[in-house]
2 protein chains.
Amino acid sequence: MILFLVIFLHNIDFNKIVEVIKPTEEEEKKVKSLSDKLINTVNDIARKNDINAEAVLVGSVAKGTWLHGKGDIDIFIKFPLDIDEAHLKEYGLFLGFESAKSMEGKYELRYASHPYVTGLIDGFEIDFVPCYPIKSADELKSAVDRTILHTEYIKKNLRQEQKNEVLLLKRFMESVHTYSAEFKVGGFSGYLCELLIIYYGSFLEVLKAAADEWKPNQIIDPRDYGTGSDFTWPMVVIDPTDKKRNVAAALTLQKISEFIIASRNFLDNPKEDYFFEKQLKINLNIIKEEFKRRDTKTFLISFKPPEIPADSLYPQIKKTENSLGEVLKREDFSVFNTGSWTDESEKVIILLELDVWKLPEVKKHYGPYIWSKEHQNRFLSKYGVKAYIEGDRWVAEIIREYKDAELFIEDILSQNKIGLLRFGKNIKNEILKEHYIVDIFEFLESDKCSEDIKRFFYEYLHKNVYLSR
Amino acid sequence: MILFLVIFLHNIDFNKIVEVIKPTEEEEKKVKSLSDKLINTVNDIARKNDINAEAVLVGSVAKGTWLHGKGDIDIFIKFPLDIDEAHLKEYGLFLGFESAKSMEGKYELRYASHPYVTGLIDGFEIDFVPCYPIKSADELKSAVDRTILHTEYIKKNLRQEQKNEVLLLKRFMESVHTYSAEFKVGGFSGYLCELLIIYYGSFLEVLKAAADEWKPNQIIDPRDYGTGSDFTWPMVVIDPTDKKRNVAAALTLQKISEFIIASRNFLDNPKEDYFFEKQLKINLNIIKEEFKRRDTKTFLISFKPPEIPADSLYPQIKKTENSLGEVLKREDFSVFNTGSWTDESEKVIILLELDVWKLPEVKKHYGPYIWSKEHQNRFLSKYGVKAYIEGDRWVAEIIREYKDAELFIEDILSQNKIGLLRFGKNIKNEILKEHYIVDIFEFLESDKCSEDIKRFFYEYLHKNVYLSR
C-alpha cells in the first residue's frame, strides 16, 4: 500500500504546491514587522497609561502555519490573573482601540465569548483580544484564554518541517470545503489541523488515516488522557492542553464524512487541483433545467437576516430550516431536501424541496387504544361518528387542515402560527416583519438571482461537487 | 354499578328476545326427531355392513344452544381408536354417503382438517364426520376429535338456564358482526360463547367484563391450568378440555375490539335492536358522493376467485390485499386504507385507497454508511455521479421507476413482476389469467355494482356501523 502510494503520488510535486500556498518572503516579512510593531504599540500605550498588561502574538502567524494571503494577526493582551473581568474588558478594549487608532487603521468592537477589538491595518485583519495568561486549563477564566495554551503547545510540538504539512492539509481542506470551525461550515479548525499533523506525522498520513482507519465516533487522544469516552460526538480529539475538552466539538458528522471521501478521492487519483478552489460552470438555464427534471416542488422563503454575529446567525437559520421541514412532515407532506443560504447582511433564503405537496381532503387521526373507556370517551366526544377501530386503536377520518404545502407555509409564518416553529427569536422577528415565499422557477426568472445565490442552488443540486477533482 | 345497570336495562325484556331467537317448539321437535332418525340410519347401515362404528349427535343441537333457523345437525361417527386413519375415512365417508342417500337428501364431499360428507335433508344442513371417540386431548388423532370433548364438556357444565344466555350472546355477536370463527369473520366461535357464559355466568356479565375489564392479551383460564402465558395472542381462552389449546386462536384483535365497543354501546344505551341485523340504507349516489368528498384515489382490482374452500380463500385474499398495500408503500405511495370482498364464486374485489398516488421523477436511494470503503465503492460503481453524503451515509438521487400508482399496480400484476407480491398460488394464477383495474367512480357508474358490492363499499366507508344501534 505504501509502495503503491509513493509510486502513484509521483505525479504530485508537493514542494511546488507548498511554494504556491505558503506566504511569500515579502509577505512574511511584512506580517512579522507589522506584528512586532503592533505588540510594541500596545505595550507602549499600556506603559504610558499605567496599565499592567502585555501583548503577545498568538494564532497561525505566531505558529508559522498561516497560508498565503491569510496572515490575520491575533494580538492577545495579557492581564494579571487577579484583575477582575470588568476591568480586563475595559482596559483591554481601550488598548485595542488606541493601538488601532495610532496605527491609522479602521476598527470596530466585536463579540465572541467576550468582546474584542478588530481592525484593518495595512490590509491585514488584526484582532486585539484581552485575556488572562493562564499556565494550564485549570486556571481558565474565559474561552479565549485557551488560545495562549494552544499557541504554546503547537510552537513546542510541531516540528519545523511539519509546518508545510499543516499548510497542505489546511489548503486541501479549504478547497474541498471542510475547513473552518465557524458554524457556517462546521469543519476542521486550524488548531485541529495542526494536532492531526503532529499525531499522524504528515499530510499524507492524515489523509490515509481518514480514508482507511477512521471509524464512527473516532477518538484521537494525543496525550493518552483516556477521557475520550466521556464525549459523545461524531469525532473526539482530546485537547493536549485540556483533557476535558474535545477540539473537534464544532465539527459536524457531515464534514467528517466529506473529508473522509475527499481523502479517498485524492489518494485514489491525486491531482494538484485538490489544492485549489474548484471552478464551477454555473449556468442559470442548467439550474432551471435540473429543477424541472426533478419534478418536485421547491419553495424559497426569503427574509432579512437579524443583526447578530455570523456564528449565531447560521445555527439559527439551520434551526429554522429544520423546523420548517419537521412541521411540513407533521402535516403529512413529504420533504425531499432542504437548504439555506445567507449573505449575512441583506438576505436569508431557506429552500424547501417537497416530493409530496398536495394531499386529499380526508386524513386519519389516530386516537387512544380501545382498552381505556375513559380515553375512548374523550376521543369520541370530539370525533364522534367519524371514528372507527383499527386493530385495537381508535382512529377518526377528519378533514385535513392543509391540503396544499404552500398555503401551509404561508400560514405557519404568520403571527398566529409561527409559535409552532422552533427557532431563535431574532429570526422570528425578521420573518414577522417581512418575508417572501416564492416558487423556485419564479425566483430564477426574477432579477433577484445573484451569482452567489446561483452558486447556492448549484451546490444544492450537486452536493458532493467539491469532494473530487 | 349493578343497581344502575338493573334499572337502566329495565326497558329491555330479555325473555321476549329469547322467545324470538330460540327455536320454535315445532322446530325443536323436528330437529330432534331428524337427529334421532339420522343416528339410527347410520348405526343400521354400519351394522348391516359389519362396520364397527357408532353415530353420536354433537355441536349446538346436541348442546341445546342453537338459534332459531340455525339447526344444523352434526353427526359424528365414532370408530375404534385402533383403526387406522385410511380406513376411518373410507368407512366414515361410505356411511355418510349411504345414510344421506337412504334419507333422499343431496350430499357432497368436503374437506376441513379431514374429509366429511355434508348433505341437505328435509331443509337442514347435515354433516357426517368420521372421528375417534377420545376421552382426553392427549389421545387426539385429528382436530375434529375435539368436538366430542367440547360437546361433552358443555353438556356437563352449562346449566339449563344458561342456555338462553348463550342464545342472547350468540345473537348479539351475530348482529354486531363479531360472531363466527370462520376466516371470513375472524370472530367468536359458538364454543367460545358457551365458555364465556359458563365463566362469567350470564349474557350481561360477559358484556360487562368485555366493556370494563378485558385487557390487551386478556387471559381466561376456566380450569386454572396456568398455561395462558404460553400463548401470544390478542386473547387467550384456555380450552377446559385441553390446556395446550387457545379456544380464541381464530379471533382477531379487530373483532375483540369491536365486541368490546359494541358491549359498551349496548350497556350505555340498551336496545332490543342489538339482537337483530341492522338495516342499512345504501344508496349508490351517497357512496359516490362520499368517495368524492374524501378526495383520495381509489382503485379496484377484480378477478375470479380460485376454487378453494372459503377458509382458504379469505386469508389468501387478505394476504394479497396487504401485500399490495405494502408494495405500494415501498414505492413511496401512501395507502390510506384497503379492503376486500368476494362472493366466493364469481368475483373478488380488492380496494386500494391512496392519499398519495403521484410522485415526482427524482427519488432518494439510501446506500451504505461511508465508513466502509468497500461498501462505498460497490454503491458508487452503480450510482456514481448521482451520489452524495447525508450525515455519514451515502444517498443517490435516482430516477423513480413508478411515478403513478395505477401504472405500478398494472405492472406488479403482470407475469414478470407478480413474484414481488406475497400471496397464495391459487390467487396468483387467477390474477394472471384475467383481472381488471378500475377507478372506483368508473366502477360505480358501471352495471357491475351489485347490491352486495354496494354493501361492501358502504361498510368500507362506515367501518363501525354495526357496533351501535
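Counted over chain A, the DSSP beta bridges are approximately 85% antiparallel.
Note on the range B:350-469: semi-axes of the ellipsoid equivalent to its C-alpha gyration tensor, largest first and rounded to whole Å, are 41, 19, 15. Of the trypsin sites (Lys or Arg not before Pro) in the range A:266-353, the ones in a loop by DSSP (not H, G, I, E or B) with at most 15 other beta carbons within 10 Å are A:Lys271, A:Lys278, A:Lys281.
Over the range B:37-175, what is the relative contact order in percent, taking alpha-carbon pairs closer than 8 angstrom and at least six residues apart? Mind dumping the intermediate values first?
Numbers: 202 pairs, mean separation 32.4, N = 139.
This gives 23 percent for the range B:37-175.
Binning at 10 Å from 0, report for chain A what percent of all alpha-carbon pair distances ends up in each bin. All Cα pairs, binned at 10 Å, distribute as 4, 16, 22, 23, 19, 10, 5, 2, 0 percent. When only the Cβ of Lys, Arg, Asp and Glu is charged (+1, +1, -1, -1), the dipole of the protein assembly as shown relative to its Cα centre reaches about 340 debye.
Once all protein chains are placed together, A:Cys131 keeps about 0 Å² accessible to a 1.4 angstrom probe.
Once you compute Rg and the Kirkwood Rh from C-alpha atoms, what is the Rg to Rh ratio for the range A:240-339?
On the way: Rg = 19.0 Å, Rh = 18.2 Å.
Value, to two decimals: 1.05.
Label-point distances for A:Thr24 to the equivalent site in the other copies, using a point 7 angstrom along Cα→C-beta, read 11.8 nm when ranked shortest first. Counting charges near B:Pro130 (Lys, Arg +1; Asp, Glu -1) among other residues having Cβ under 14 Å from its Cβ returns a value of -4.
Translational D (Stokes-Einstein, µm²/s) of the range A:159-275 at 25 °C and 0.890 mPa s when Rh comes from the Kirkwood sum over C-alpha pairs? For the chosen part, D equals 173 µm²/s. Between the exposed loop cleavage positions of chain A, defined as GluC sites (Glu not before Pro) in a non-H, G, I, E, B DSSP state with at most 12 neighbouring beta-carbon atoms within 10 angstrom, the longest gap is A:1-103. Between the range A:275-345 and the range B:122-194, the C-alpha centres lie 66 angstrom from each other.
Could you work out the mean projected area of the convex hull around the alpha carbons of the protein assembly as shown, in square nanometres to one decimal? Before the final figure, lay out each step's value.
On the way: hull surface 215.3 nm².
Mean projected area for the protein assembly as shown: 53.8 nm², to one decimal.
Estimated from helical segments only, the mean residue ellipticity of chain A at 222 nm is -13500 deg cm²/dmol, where each DSSP H run of four or more residues counts as -39500 (n - 2.57).
What's the local net charge at B:Phe188, with K and R +1, D and E -1, over the other residues with C-beta under 9 Å away? Once all neighbours under 9 Å are counted, the net charge is +2.
Checking the a/c ratio against 1.5 first, then a/b against b/c, what shape does the Cα gyration tensor give for the range B:21-155? Walk me through the numbers on the way to the answer.
Values: a/c = 1.87, a/b = 1.26, b/c = 1.48.
It is oblate, given that a/c is not under 1.5 and a/b is not larger than b/c.
Restriction of the trypsin sites (Lys or Arg not before Pro) in the range A:69-144 to DSSP coil positions whose beta-carbon has at most 12 other beta-carbons within 10 angstrom yields A:Lys135.
Counting lysine pairs in the range B:242-344 that sit 8 or more residues apart in sequence, or on different chains, and whose Cα atoms lie under 17 Å apart gives 7.
Centre-to-centre, using Cα atoms only, the range B:234-272 and the range B:366-428 are separated by 43 Å.
How large is the Kirkwood hydrodynamic radius of the range B:270-326, in angstrom, based on all distinct alpha carbon pairs?
Working: mean 1/r = 0.0652 Å⁻¹.
Radius from the Kirkwood sum: 15.3 Å.
Please report, in debye to the nearest 20, how large the charge dipole of the range A:159-275 is about its Cα centre when each Lys and Arg carries +1 at its beta carbon and each Asp and Glu carries -1 there.
Details: 14 positive and 17 negative charges, 40 e Å.
Computed charge dipole of the range A:159-275: roughly 200 debye.
Closest approach to the axis carrying B onto A, counted by Cβ on chain B and given in whole Å with its residue, is B:Val356, 3. Placing unit charges on the Cβ atoms of the charged side chains and taking the dipole of the range B:137-279 about its Cα centre, the candidate lying farthest along the positive direction among B:Tyr200, B:Pro216, B:Thr241 is B:Thr241.
Solvent-accessible area lost on pairing A with B (1.4 Å probe, both sides summed) amounts to about 3900 Å². With label points set 7 Å from Cα along Cα→Cβ, the inter-copy distances at B:Asp273 are 7.8 nm, sorted shortest first.
Projecting the alpha carbon convex hull of the range A:305-380 along each direction and taking the average yields 8.1 nm².
Charge tally for A:Pro115 (other residues, Cβ to Cβ under 12 Å; Lys, Arg +1; Asp, Glu -1): -2.
By the rule of a C-alpha distance below 18 Å, with chain neighbours fewer than 8 residues away ignored, the lysines paired with A:Lys30 are A:Lys22, A:Lys63, A:Lys70. Selection among B:Leu420, B:Ser323, A:Ile83 by position relative to the dipole of the protein assembly as shown gives A:Ile83 as farthest towards the positive end (Cβ unit charges, Cα centre).
Rounded to the nearest 20 Debye, what is the dipole magnitude of chain B about its Cα centre when Lys and Arg each give +1 and Asp and Glu each give -1 at the C-beta? Walk me through the numbers on the way to the answer.
Working: 67 positive and 77 negative charges, 212 e Å.
Here chain B has a charge dipole of around 1020 debye.
Distances, shortest first, from the label point of B:Ala137 to those at the same position in the other copies read 6.6 nm; the point lies 7 Å along Cα to C-beta. The residues of the range A:280-404 expose on average 46 square angstrom of accessible surface per residue, using a 1.4 Å probe on protein heavy atoms.
The values are calculated or read from the model by the stated rules, or taken from the named source; none is laboratory data. On a predicted model such as this, the values are computed, not experimentally measured, just so you know. As a convention, Cβ positions derive from the backbone with ideal geometry for all residues, glycine included, and neighbour counts pool all protein chains shown. Only protein heavy atoms, including side chains, enter the accessible area calculation; ligands, DNA and RNA are left aside. Shrake-Rupley method; radii C 1.70, N 1.55, O 1.52, S 1.80 Å.
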